[in-house]
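The values are calculated or read from the model by the stated rules, or taken from the named source; none is laboratory data. Because the structure is a prediction, the values reported are computed rather than measured. Every residue, glycine among them, receives a Cβ derived from its backbone with ideal geometry; neighbour counts consider all protein chains shown. These area figures cover heavy atoms from the full protein model, side chains too; ligands, DNA and RNA do not enter into them. Shrake-Rupley method; radii C 1.70, N 1.55, O 1.52, S 1.80 Å.
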Amino acid sequence: MSDETTISFANLSLPQEGVAVVLAEEGPKLSSAAKDLDKESKGLLSRAANISGFKGKKESTVDLLVPAGLKFSRLVLMGAGKTADYSAEDWLNLGGTVRGLLTGKEGPTAHIVLDGASKGVTPEHAANFALGLALRGYKFGKYKSKPKKKDGAAAESNDKTLKKIVIHTADPRAATKLYASSRAIADGVTLARDLVNEPANVLGPAEFAARAKELTKLGVGVNVFTPKTLERLGMNALLAVGQGSARPSHVVVMQWKGAGAKGGDPVVFVGKGVTFDTGGISIKPAAGMEDMKGDMAGAASVVGLMHELAQRKAKVNAVGIIGLVENMPSGSAQRPGDIVAAMSGTTIEVLNTDAEGRMVLADCLWYAQDRFKPRALINLATLTGAVMVALGKEHAGLFSNNNELAGWLIDAGNTTGEKLWRLPLGPKYDKMIDSKVADIKNTGGRWGGSISAAQFLQRFVKEGTPWAHLDIAGTAMSSVDSEINRSWGSGFGVRLLDQLIRDHYEKH
Ligand code: BES
Ligand code: MN
Ligand code: ZN
């Protein structure tokens with residue numbers, strides 16, 4: 001759920017109420033706001049810093065409750081290290097760290113004074129800091145019952161919950177303007193996280209499609225294909241995966257024409273949207289299967305990205321295509337050994353019904369190139385467990401047929417902190433998926449599982465289409481805690497691809 005706390009900017013005045021957070025840098029060097037408050041409290045802050053051995057190091061704090069001589073319920077002196085060396089990601093993370101300190105028990109308003117001790121804080125820094133605050137504030141709380149009053153009515157949120165964060169900064173007007181587009185990023189990531197966190201009983205293919213359809217409100221053109229249309233299109237690989245489920249498969253096409261008719265061909269994003277992956281007849285073990293509600297994280301990031309682009313009115317033509325299916329075992333499920341013809345005509349021998357994501361993507365990738373002429377074609381998928389064996393949870397796997405695109409993606413990853421590591425493709429790996437009875441088989445054996453999966457996808461990419469596949473199984477769900485995320489679903493990919501578009505595909 002979106003953080004209901006509002007974030008706004010004000011000038012560099014000294015706050016007088018609620019919680020206040022002021023910065024210090026290594027030394028410790030107090031910011032001027034911290035110095036002023038120290039004076040006002042007759043040296044309380046510097047004495048406390050001294051006693052606790054505070055040096056202003058990153059993530060260290062001096063935390064005072066009801067400080068004598070000041071009107072705050074709480075005053076935090078936040079160590080920031082050396083802000084002169086800060087990257088965009090450092091400001092983002094500092095925002096996350098500060099949001100993590102705010103418990104919401106100290107009153108409805110928090111004031112943060114953003115003035116570096118050594119160098120000024122630019123509006124860009126302030127907006128990034130605010131994005132960090134917003135992202136860390138995310139909580140998926142919709143299934144927690146509200147505390148009840150004695151008469152059984154839901155208690156109103158009490159007046160101690162945090163409602164408002166004010167960031168005091170040198171140029172609040174410029175920061176406010178920039179933050180409008182950061183807010184779009186926060187909302188896009190929030191949407192992606194919400195979709196990933198939602199359980200599969202609530203969010204099946206049809207319900208997911210309905211959520212995507214809501215993007216029409218922002219000016220996105222949304223087409224929802226039901227099984228009849230998918231059959232007519234010949235999306236038999238995708239349909240085969242969904243045929244064991246009582247819930248019909250869907251494909252959604254989202255179009256954002258922010259660069260107009262003259263803006264040229266679109267960048268196309270394709271997402272794996274397996275709303276639950278039991279493995280099908282090649283069923284998964286019970287332990288940990290609940291995590292497979294997140295097997296639609298690729299599709300969630302595509303929807304989050306399209307939302308973000310439309311909300312900030314990005315000057316780019318972009319298309320999002322998501323394949324929504326549920327992979328279930330049943331009397332109508334596909335069997336190991338089945339052979340299906342994909343939309344491209346390529347025949348697939350289904351050796352393992354748990355290698356379903358590539359079958360869904362095969363038809364979506366083909367459709368993308370059949371219907372559009374992508375400037376770049378980028379797919380996101382929680383495709384293989386093997387990518388976690390290779391890269392852990394720090395990097396997503398990147399595969400590409402285009403060095404320029406791969407380089408741009410890696411750079412965008414380093415800027416945003418949504419990091420990618422490139423893995424190889426090649427003819428020897430491609431041979432691994434040759435089938436004896438059909439054109440290809442859907443598994444390539446034990447070794448290099450993420451690579452043979454990527455080779456499978458590449459069989460559906462036309463010569464000359466710049467293409468990249470991001471295997472996000474390790475980064476988009478069951479996520480490790482970070483300064484800007486404490487949610488199970490991280491929303492990985494939204495910030496990364498927003499950055500890619502800003503840097504290379506958007507008219508400025
Ligand atoms: N959705 C899974 C991959 C996955 C595993 C995502 C763990 C997130 C966490 C995918 O559909 C799958 O089952 N892949 C198999 C492929 C194998 C059968 C060739 C795998 O990784 O084991
Ligand atoms: Mn699977
Ligand atoms: Zn899967």
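With labels modelled as points extended 7 Å from the Cα through the Cβ direction, what inter-label distance (nm, one decimal) is found for ARG47 paired with LYS428?
7.2
Considering just Cα atoms, how many Å³ per residue does the convex hull of the range 380-431 enclose?
Numbers: hull volume 4.4 nm³, N = 52.
Measuring per residue, one finds 85 Å³ for the Cα hull of the range 380-431.
When ligands, DNA and RNA are left out and all protein chains stay put, how many square angstrom of accessible area per residue does the chain have with a 1.4 Å probe?
Values: 20960 Å² over 508 residues.
Computed with neighbouring chains in place, this is 41 Å² per residue.
For VAL387, VAL437, give the ranking by accessible area with the largest first, probe 1.4 Å. Don't skip to the end; give the middle numbers.
Working: VAL387 0, VAL437 100 Å².
Ranking VAL387, VAL437 by accessible area, largest first, yields VAL437, VAL387.
Given q = 0.11, 0.13, 0.15 Å⁻¹, what are the Debye log10 I(q)/I(0) values for the range 331-477, with equal point scatterers placed on the Cα positions and solvent ignored?
-0.40, -0.56, -0.75
Which semi-axes, in whole Å and largest first, does the equivalent ellipsoid of the chain have when worked out from the alpha carbon gyration tensor as the square roots of 5 times its eigenvalues?
Values: eigenvalues 422, 110, 85 Å².
Largest first, the chain gives 46, 23, 21 Å.
Sorting HIS125, HIS469 by accessible area (1.4 Å probe), largest first, what list results? Working shown, then result.
Working: HIS125 45, HIS469 0 Å².
Final ranking, largest accessible area leading: HIS125, HIS469.
For the range 122-264, which whole percent of the accessible surface, found with a 1.4 angstrom probe, sits on carbon and sulfur atoms?
Looking at the range 122-264 in its full context, I get 54 percent from C and S.
Can you say what percent of the DSSP beta bridges in the chain, counting only those with both residues inside, are antiparallel? Round to 5. Before the final figure, lay out the partial values.
On the way: 30 of 75 bridges.
Roughly 40 percent of the beta bridges in the chain run antiparallel, per DSSP.
Between LYS148 and ALA287, what length in nm is gained on full extension when 0.36 nm per residue of separation is reduced by their alpha carbon distance? Can you show the working numbers first?
Values: separation 139, 0.36 × 139 = 50.04 nm, distance 3.47 nm.
Residue separation times 0.36 nm, minus the Cα-Cα distance, leaves 46.6 nm.
For the range 426-508, what is the relative contact order in percent, using Cα pairs closer than 8 Å and at least 6 residues apart in sequence?
Contact order relative to length: 16 percent.
Given the whole protein assembly as supplied and a 1.4 Å probe, what does the accessible area of ARG335 come to in Å², nearest 10?
Its accessible surface works out to 130 Å², give or take rounding.
If R₀ is 45 angstrom, what is the calculated FRET efficiency for the pair ARG446 and GLU59, using the beta carbon separation as r and rounding to 0.05? Write out the running numbers ahead of the final one.
On the way: r = 42 Å, r/R0 = 0.93.
Efficiency, from the Cβ-Cβ distance: 0.60.
Quick check on the range 1-142: what are the equivalent-ellipsoid semi-axes from the Cα gyration tensor, as sqrt(5λ), descending, whole Å? Intermediate results must be reported in sequence, preceding the final value.
On the way: eigenvalues 102, 68, 36 Å².
Largest first, the range 1-142 gives 23, 18, 13 Å.
With the contact rule set at Cα under 8 Å and sequence spacing of 6 or more, what percent relative contact order holds for the range 1-65?
On the way: 40 pairs, mean separation 17.7, N = 65.
Relative CO of the range 1-65 lands at 27 percent.
Using only the Cα atoms of the range 227-330, what do you get for the radius of gyration and for Dmax, in Å?
16.1, 52
Work out which GluC sites (Glu not before Pro) in the chain are exposed loop sites (DSSP not H, G, I, E or B, at most 16 other Cβ within 10 Å) and give the longest gap free of them.
Working: sites that count: GLU4, GLU17, GLU59, GLU156, GLU394, GLU463.
Looking at the chain, 157-393 is the longest stretch - no exposed GluC sites (Glu not before Pro) with at most 16 other Cβ atoms within 10 Å.
Between ARG173 and VAL389, what is the FRET efficiency for a Förster distance of 51 Å, r being their Cβ-Cβ separation, to the nearest 0.05?
Numbers: r = 50 Å, r/R0 = 0.97.
E(calc), rounded to 0.05, equals 0.55.
Taking all protein chains in place and a 1.4 Å probe, what share, in percent, of the accessible surface of the range 333-492 do carbon and sulfur account for? All intermediate terms of the calculation are to be shown ahead of the outcome.
Numbers: 3150 of 6240 Å².
After summing per-atom areas, the C and S share lands at 51 percent.
Relative contact order of the chain: what whole-number percent is it, with Cα pairs under 8 angstrom and at least 6 residues apart? Mind showing how you got there, number by number?
Details: 1239 pairs, mean separation 77.9, N = 508.
In percent, rounded to a whole number, it is 15.
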